[in-house]
């Protein structure tokens, strides 16, 4: 016996397959991990004017922090005109591909105005080094790209 498929049955079968494909697409879309730049990006965008002002302070100061990559880490060299005891802040190793891999470290500058960071705990890939620091009531912000191999 030969089964004959009418055009109505064909449309019904097509609709069923279409709904199943849509359902699978929706299911897998919900399972995808979504990485925003940062989980609280909206409040940070509202405060971006503060970062602009901190960058202007670095330009007024006319001396940026020198960032040197060494074999076993990164060294920050602060300008000689600063007092090591009055420098506070943090350095962020920001990983654009996955915010969960970001590393934030408190600045602890030694008497020679240098701080060393061991980078062995970082994963290979691109990082942005973000340094936010304060010296005698003035806030500063400096950023530099860094590729860890």
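The values are calculated or read from the model by the stated rules, or taken from the named source; none is laboratory data. All figures in this text were calculated on a predicted structure; none of them were measured in a lab. Note that we place each Cβ from the backbone using ideal geometry, even for glycine, and neighbour counts take in every protein chain shown.
Details
- Helices (runs of 4 or more DSSP H) contained entirely in segment 1-73, each with at least 3 residues that are under 30 Å from residue 146 (Cβ atoms) and over 21 Å from the mean Cα position of the chain (by Cα): 48-61
- Unique match (being within 24 Å of residue 136 (Cβ to Cβ) and surrounded by 10 or more Cβ atoms within 10 Å (Cβ to Cβ)) among 44, 62, 56: 56
- Verdict on residue 67 being assigned by TED's automatic domain parsing to the domain that holds residue 138, touching a residue at least 60 places away in the same chain (Cβ under 8 Å) and closer than 25 Å to residue 136 by Cβ: yes
- Filtering segment 79-101 to residues that are modelled with pLDDT under 85, out of contact with any helix residue (DSSP H, G or I) (no Cβ under 8 Å at 6 or more places or on another chain) and not in a helix (DSSP H, G or I) leaves 80, 81, 82, 83, 96, 97, 98.
- Scanning segment 102-111 for residues that are in contact (Cβ under 8 Å) with a residue 12 or more places away in the chain and either loosely packed, with under 14 Cβ neighbours inside 10 Å or part of a strand (DSSP E or B) (or both) yields 103, 104, 105, 106, 110, 111.
- Residues in segment 85-99 that are over 17 Å from residue 67 (Cβ atoms) and either free of Cβ contacts under 8 Å to residues at least 24 places away in the same chain or over 21 Å from the mean Cα position of the chain (by Cα) (or both): 3 in all.
- Candidates in segment 112-149 are the residues that are exposed (fewer than 12 other Cβ atoms within 10 Å of the Cβ) and farther than 17 Å from residue 102 by Cβ; of these, the one that is nearest to the chain's Cα centre (by Cα) is 149.
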